[in-house]
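*Asks:* Below you will find the structure I want to go over with you.
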Amino acid sequence: MQVDMSKKINLFFSLMIFNNNKLIFANEKTKTLFATEELLSLENIVKNNEDIYTLLTQNFRGEKNVIMQNIDGEDWNYTFFLDVFPNSDDKLLTIMPQNKVEKTEAFLRTINRFKLIEILKDRLAQNSVNKTPISILCVNISNYDKLVDSSGSIVMHDFVKKFIQKLCFYKNSCQDLSQWSPHFFIFLIEGDSFENVRQQLDSMHQKLIYSEIDKAVSPIITSSALSIGKLSINDVIDSIEQINSHNFTNIDFNSGDYFEINHLNDYLEDDAKLSIIYRVVLQIKHK
């Protein structure tokens, strides 16, 4: 009877056993879930997920909800249960699927960075002929990593969906909205002067920072606009990456082509705390 029950548990649940946080066993259900037969690959998947690895390294029973993609590419909410064996360095990690994560219409219309790059290539090629003004409007949740640490990945996944809805609402459209990274969003704007783009950015930023999207989450939002009509696709990608990381060491910015608004609050370090909204115009000169 116990053998039969053991087979059923092994069939229906994903199980992993660790010794001193090193994976020593994974059942077939786990290997199917993560689409790999290699124990080292499975161990790396766990260690590269901060939520799961934090759970694994504790020395008492616990559980954690984590959103992951299944083998069909669908986002699912999984619960990871940790059991610690008494008088042993062994730990059992059990994974149970809870529910599929439903995506909002706005979320589904959001394009990823690779699609945006293809669109940018096409639009910049057209722009070299027709000389139509073209800019990108960027919105960054600057304290995203801290929010994940404090609120968890499930809460932040839901928050990002609501945030995208707000972006679309305040911009009156989801057209050409890209999610470049989990916390960095880009609108592609054509046909408007850079001054008009700056005004749009200012209006949207004020609405975002004064709108309570989720009571459990307090984002720090950095918004910026960049005129890209004179740039090559590689320069645009480099500029986006540097705006995303807020690291401008490799590029000079011309104040006529770049505009930024920061919203800082108590998430800043003690020696840099500010409770203001301020504009920063950076001196940039494109390559």
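Just so it is clear, none of the values below were taken in a lab; they were calculated from the coordinates. Bear in mind the structure is a predicted one, so any value in this text is a computation, not a measurement. All Cβ positions, even for glycine, are placed from backbone atoms using ideal geometry, and neighbour counts span all protein chains on display.
*Asks:* Among Trp180, Trp76, which comes first, second and so on when ranked by fewest other beta-carbon atoms within 10 Å?
*Replies:* Final ranking by Cβ density, sparse to dense: Trp76, Trp180.
*Asks:* Please tell me which of these pairs span more than 24 angstrom C-alpha to C-alpha: Lys29/Lys115; Lys47/Lys166; Lys207/Lys230; Lys146/Lys215; Lys31/Lys100?
*Replies:* Working: Lys29/Lys115 34 Å; Lys47/Lys166 34 Å; Lys207/Lys230 30 Å; Lys146/Lys215 16 Å; Lys31/Lys100 20 Å.
Correct reply: Lys29/Lys115; Lys47/Lys166; Lys207/Lys230.
*Asks:* Which of the three applies to the stretch 2-100, rounded, prolate or oblate, going by the alpha-carbon gyration tensor with a ≥ b ≥ c and a/c under 1.5 meaning rounded?
*Replies:* Cα axes put the stretch 2-100 in the rounded bin.
*Asks:* What is the local net charge at Gly62, summed over the other residues whose Cβ is closer than 13 Å to its Cβ (Lys, Arg +1; Asp, Glu -1)?
*Replies:* Value of the local net charge: 0.
*Asks:* Can you sort Arg61, Arg113, Arg198, Arg123 by how many other beta carbons sit within 10 Å, fewest first? All intermediate terms of the calculation are to be shown ahead of the outcome.
*Replies:* Working: Arg61 11, Arg113 15, Arg198 21, Arg123 18.
Ascending number of Cβ neighbours within 10 Å: Arg61, Arg113, Arg123, Arg198.
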